[in-house]
1. Under a crude label model (7 Å from the Cα following the beta-carbon direction), how far is Gln79 from Arg379 in nanometres?
2. So if I take the centroid of the Cα atoms in the range 88-155 and the same for the range 207-260, what is the distance between those two points in Å?
3. If I take every Cα pair under 8 Å that is 6 or more residues apart in the chain, average their sequence separation and divide by the length, what percent do I get for the relative contact order?
4. Treating only the Cβ of Lys, Arg, Asp and Glu as charged (+1, +1, -1, -1), what charge dipole size does the chain show about its Cα centre? Round to the nearest 20 debye.
5. From the Cα gyration tensor of the range 11-134, with a ≥ b ≥ c the square roots of its eigenvalues, which class applies: rounded if a/c is under 1.5, or else prolate if a/b is larger than b/c, or else oblate?
6. When a/c is below 1.5 the answer is rounded, else prolate if a/b is larger than b/c, else oblate, so apply that to the range 136-185 with a ≥ b ≥ c taken from the square roots of the Cα gyration tensor eigenvalues.
7. Could you work out the per residue convex hull volume over the alpha carbons of the range 142-369, in cubic angstrom?
8. How are the Cα pair distances of the range 196-284 distributed, in percent, across 10 Å bins from 0?
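Coordinate-derived values only; no laboratory data. Given the structure is predicted, the values throughout are model-derived calculations rather than measurements. For neighbour counting, all protein chains shown are included, and Cβ atoms are generated from backbone atoms with ideal geometry for every residue, glycine included.
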Amino acid sequence: LGYVKFGGQKKLVMFVGGGYDTGYETPAYNQTNGKGAGVYMFDANNGDLLWWSSANASAGGGADAYTQNNDLKYSVVSQINAVDRDSDGLIDHLYFGDLGGQVFRVDLNNNAVGANAETQKANFATHVVRVLNQHVDDGTSPRFYEMPSFSVHHADSGLLGVVALSSGNRSSPLSGVTGTNNPIASTSASDGVFVIFDKDVANANLYSLADTDLKTKDVALASLNEYFNDKFTHEAYTNGVDIATKNGWKYTFSDSAGVYKGMNGLYALDGMLYVNVFYRDGDGIGGSCGAGVKGNSKLYQFCLPTGKCSFYGSSTTQPNNTDLGAGILGTALGNATSNNGQTLLQNVVKKTDNFCTDANKNSPECQLFNTTAKLQNLRWYETR
């Protein structure tokens, strides 16, 4: 929900994905029907469809404007991350992933020119670009059910946009290879974290670039697992994933497909990325009168943008993580300290009272964030 200038008028709008194709209830599903594909912009005051983009988009769709893109053909179920690039209160970029393993950026031109309002509306969406394509036709495409995070970092070449997503299967959280909580093998992606270096979004000339001039388009990602396996000791790995020569990185949670799945949202905060992960074969909670609670959740911590944290030692072979508890759990950001500081609100497995000493100060459950903008908590509740 936010403002754009559309056809020369400032409007309060809402951006939503196309929706869910129930075929994804099958773990090995490879979508071909286009259901739920695309992104839509509605007038928040009256519900009118103002603009949309999809492989199915056409003038007959009932919108004031549309952008046809053949790649937008899989269900989009997540929230849409809307970015204001110049702090003028207007949305300039959209980021989202789909259930077919693709990630997109949409560039909206609030200063679109034209002889009349209709022409300005037609010129509203400058680019609809697929920045990442991990789709495979055998049903093992990573599924992106959650909104990507977006952060801006300083690089040698200037400002760099960093987009992060976590994949998992919300529809079949126990799918994958056989294991404690999955006696019969089924299809699953090898889920993980996907981090994209967007080398276009901060370009001052972005809106004048043709699609063929864009740098971040269908990029390949480096494997951060290789860096961890090497303990960041090789000359090429010492500083993490190189921004100048690489376009981002991927960290796969496990070599056993489906055992670990990204669930719930992820947070980019203070140069770190926090990812909620469901461990399917975790202990859970047994139930003599029913199925109980299967698996347990963890919170993983990465460092942005390169994937390497400054506090990694010579023996570091995996990212920091902490247990959250039984079932599919997530974290939130809020005030939970005596000094009104921001922290990740977690159902963390109890540690000792003095756990967050110098030896553990970089652990995800020990992080505090001091921001000028704070939410005043008026009430709270617990749910499972």
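1. The answer from the label model is 2.0 nm.
2. A separation of 20 Å, based on Cα centres.
3. Relative CO of the chain lands at 10 percent.
4. Numbers: 28 positive and 36 negative charges, 131 e Å.
Magnitude of the dipole: close to 620 debye.
5. prolate
6. Details: a/c = 3.43, a/b = 3.03, b/c = 1.13.
It comes out prolate by the Cα gyration axes.
7. Measuring per residue, one finds 158 Å³ for the Cα hull of the range 142-369.
8. Cα pair-distance distribution for the range 196-284, in percent: 13, 32, 34, 17, 3, 0.
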